[in-house]
Amino acid sequence: MEATQYCMKKNSHDSTNSIMKLFFLWTIKLFKVGSKKDLQIEDLFGPKTKDKSTNIGLELTRHWNTEVSRCLKKINENKDRDPIKLPKPSLFRVLFFTFKWEFVFLGMLGFFNEVVSRLSQPILLGILLSYFRPVPLIPIEHALYAAGALVLMNLMTAISSLKLSATALGDSTPGKVVNLLSNDVNRFDLSAFFVHFLWLAPLAALVTLVLLFQEVGVAGILGVAVVFIVMPLQSYTGTLSARFRLQTAIRTDERVRLMNEIISGVQVIKMYTWEIPFTHIDHKKSRTSVKITKGNAKWGASEVASTLQDIDIEILKGKLVGIIGPVGSGKSSLLQTILGELNLESGSIEINGKISYASQEPWVFGSTVRQNILFGLPYDDFRYNEVVRVCSLQKDFQQFSNGDQTLVGDKGSSLSGGQKARINLARAVYREADIYLLDDPLSAVDAHVGRQLYDKCVRTHLRNKTRLLVTHQLHYLTNADHIIIMENVTIFYLF
Ligand SMILES: Nc1ncnc2c1ncn2[C@@H]1O[C@H](COP(=O)(O)OP(=O)(O)OP(=O)(O)O)[C@@H](O)[C@H]1O
Ligand SMILES: [Mg+2]
């Protein structure tokens with residue numbers, strides 16, 4: 001990897017006077033350059049000498065060593081103490097001692113900003129306004145002093161805010177780099193500033209309370225009391241939000257980790273062309289395709305009798321399951337339940353895999369035969385021809401005026417019941433799925449074509465898929481893996 005090293009200019013903050021530092025005038029040169037052209041990395045200053053990572057690192061190491069020796073000394077003094085209670089070096093102590101003056105300075109600025117300046121402004125404004133009453137309460141000199149003090153306070157607040165943000169957010173270049181690199185470090189940085197609010201906020205509240213009492217008496221205290229009463233609620237919501245943030249962070253970490261694993265995993269799988277074996281592993285993960293436990297369902301809420309009653313089935317992956325039973329016994333309704341069209345009133349259903357469905361009533365829409373089979377999916381020459389072959393549609397295509405480009409549906413040629421049934425089946429088979437629900441596809445074709453469809457399509461072409469085949473032609477089912485017999489809305493026998 002190519003590394004670029006920039007020789008940065010010396011930071012002019014180191015060699016400038018206090019006034020320039022206070023009003024940030026030392027940055028003007030940089031603004032001038034920036035107004036003429038886009039700033040490049042070479043235009044920027046390096047960090048201040050005292051903020052250079054080497055200097056900070058050395059200082060941090062020195063304090064860390066002191067902390068370690070302090071702990072060792074304590075351990076030597078109390079040799080027979082419980083090892084769990086022995087003192088451990090504290091990083092927080094080390095950080096505090098390394099940056100103590102910056103920390104204290106930050107606290108002082110915070111005090112000036114939050115307590116002195118913020119609270120004195122309304123008082124000064126009050127004094128100023130009292131001059132503008134019909135009968136002025138103060139002489140003009142006092143009003144002018146108040147106005148001047150107000151302007152000064154605002155100016156000082158602006159400067160101290162600048163100073164605060166500059167100090168708190170890390171004006172050192174390494175600090176900025178780390179900020180960019182890690183969001184968490186940014187939060188850690190901010191906490192150095194916000195920790196001062198632990199003492200600033202109660203102090204500001206106390207001063208406000210005194211001022212309010214002076215101005216409005218007991219009513220003011222009542223107002224503040226309400227704020228204090230609401231405080232536990234606020235602290236509770238704060239704790240809740242912290243807990244949720246932690247959970248979010250854990251989930252985010254987990255998601256990023258998983259995505260990393262997936263991406264690196266995909267690279268390895270692609271590199272060794274392991275796609276096919278891995279697809280099989282994925283499919284074998286769960287052995288069950290459909291499981292219905294104690295399922296009860298009816299089509300209309302007003303209906304007294306259930307359409308399906310006490311259904312308990314488990315259909316294993318890759319199996320051919322025949323569903324038979326008299327007219328109206330609920331065979332189609334069972335498929336509708338698996339499709340999610342008929343909801344269970346009680347019981348549970350678990351489906352693992354993508355479903356494709358051929359309805360009992362074959363249907364076509366006004367378009368070409370090919371579009372009726374593709375049904376919006378992209379055309380795959382090999383797959384399409386294979387589906388046409390196993391659904392015994394080749395001969396029909398030869399008979400059609402335009403082959404599979406013949407228009408069918410309302411305005412096109414009319415199809416025979418058997419042709420419609422096979423187009424209906426081909427549409428379901430063309431769709432790549434794990435579970436194929438075939439509702440009586442063999443009923444509208446003659447015995448010869450029916451046998452072809454069963455052997456070529458259901459048994460051979462779909463051999464690795466889970467197939468639920470509703471049929472009245474029991475003789476096909478001699479080689480089905482399982483047979484479900486529906487009798488009077490429930491499963492009568494299953495083997
Ligand atoms: N879409 C529907 N809306 C309302 N009731 C329905 C619907 N489909 C089926 N039923 C009702 O559910 C019951 C079971 O019908 P279903 O169609 O499931 O039987 P089947 O075993 O598939 O019959 P067939 O062998 O004639 O196809 C019947 O009483 C029927 O009236
Ligand atoms: Mg039916």
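Values quoted throughout were computed directly from the atomic coordinates according to the rules given, and no laboratory measurement underlies them. This one's a predicted model, so the numbers in the text were calculated from it and none came from an experiment. Don't worry about glycine lacking a Cβ; one is built from the backbone with ideal geometry, like all the others, and counts go over all protein chains shown.
Just to confirm the number: angle between the C-alpha axis of helix 100-111 and the first principal axis of the chain, 0 to 90 degrees, nearest 10?
Tilt relative to the chain: about 90 degrees.
Could you order the peptides 121-129, 224-232, 26-34 from most to least packed, using the average number of other C-beta atoms within 10 Å per residue? Please report the intermediate quantities before stating the final value.
On the way: 121-129: 15.2, 224-232: 10.7, 26-34: 13.0.
The packing order, highest mean first, is 121-129, 26-34, 224-232.
Label residue 228 and residue 25 with points 7 Å out from Cα along Cα→Cβ: what is the distance between them in nm?
Going from the residue 228 label point to the residue 25 one covers 4.8 nm.
In degrees, nearest 10, range 0 to 90: what is the angle between the Cα axis of helix 275-284 and the longest Cα principal axis of the chain?
80
At R0 = 22 Å, how high is the FRET efficiency between residue 221 and residue 120 if r is their beta carbon distance? Nearest 0.05 is fine. Mind dumping the intermediate values first?
Values: r = 21 Å, r/R0 = 0.94.
The pair residue 221/residue 120 has a calculated efficiency of 0.60.
Counting only residues 5 or more places away or on other chains, whose amide H sits under 5 Å from the amide H of residue 289 once H atoms are built in the peptide plane?
Distant-sequence amide H within range of residue 289: 315, 316, 317.
Please give the FRET efficiency for residue 339 paired with residue 312, using the beta carbon to beta carbon distance and R0 = 22 Å, rounded to the nearest 0.05.
Calculated transfer efficiency: 0.70.
If you stretched the chain out fully between residue 473 and residue 245, how much longer would it get, using 0.36 nm times the residue separation minus the C-alpha to C-alpha distance? Provide the component values of the computation, followed by the final result.
Working: separation 228, 0.36 × 228 = 82.08 nm, distance 6.11 nm.
Additional length available on full extension: 76.0 nm.
Greater than 25 Å separation of Cα atoms is the criterion. Which listed pairs, 294/420; 52/73; 298/420; 294/319; 74/100; 21/50, meet it?
Cα-Cα > 25 Å for 294/420; 52/73; 298/420; rest within.
For residue 486, list long-range residues whose amide hydrogen, built 1.01 Å from N in the peptide plane, is under 5 Å from its own amide hydrogen.
When sequence neighbours closer than 5 places are left aside, the close amide H contacts are 324, 325, 492.
May I ask you to derive the FRET efficiency for residue 414 and residue 447 from their Cβ-Cβ distance with R0 = 25 Å, giving the value to the nearest 0.05?
Computed FRET efficiency for residue 414 and residue 447 comes out at 0.55.
Give the aspartates and glutamates reachable from residue 270 as a straight Cα distance under 18 Å; neighbours fewer than 8 places away on the same chain don't count.
Of all the aspartates and glutamates, those that pass the test against residue 270 - Cα under 18 Å, at least 8 places apart if same chain - are 261, 282.
Rounded, prolate or oblate: which fits segment 287-495 when a ≥ b ≥ c are the square roots of the eigenvalues of the alpha-carbon gyration tensor, with rounded for a/c under 1.5 and prolate only if a/b beats b/c?
Prolate, since a/c reaches 1.5 and a/b exceeds b/c.
From the C-alpha gyration tensor of the chain, pull out the three semi-axes of the equivalent ellipsoid (sqrt of 5λ each), sorted largest to smallest, in whole Å.
The three semi-axes for the chain are 79, 32, 29 Å.
Compute the helix-to-body angle for 118-131: its Cα long axis versus the longest principal axis of the chain, expressed 0 to 90° and rounded to tens.
Computed tilt is about 60 degrees.
Over the chain, what is the relative contact order in whole percent, taking alpha-carbon pairs under 8 Å and six or more residues apart?
Over the chain, the number comes to 12 percent.
Between residue 205 and residue 255, what is 0.36 nm times their sequence separation minus the Cα-Cα distance? Round to one decimal in nm.
13.7 nm
Check cross-link reach from residue 10 to the aspartates and glutamates: straight Cα distance under 14 Å, and skip same-chain residues fewer than eight apart.
Within the straight-line cut-off, residue 10 pairs with 42, 43, 51.
For the pair residue 90/residue 488, report the inter-label distance in nm, with labels modelled 7 Å from Cα in the Cβ direction.
8.0
How far apart, in nm, are the 7 Å Cα→Cβ label points at residue 481 and residue 73?
Placing both labels 7 Å beyond Cα along the Cβ direction yields 7.6 nm.
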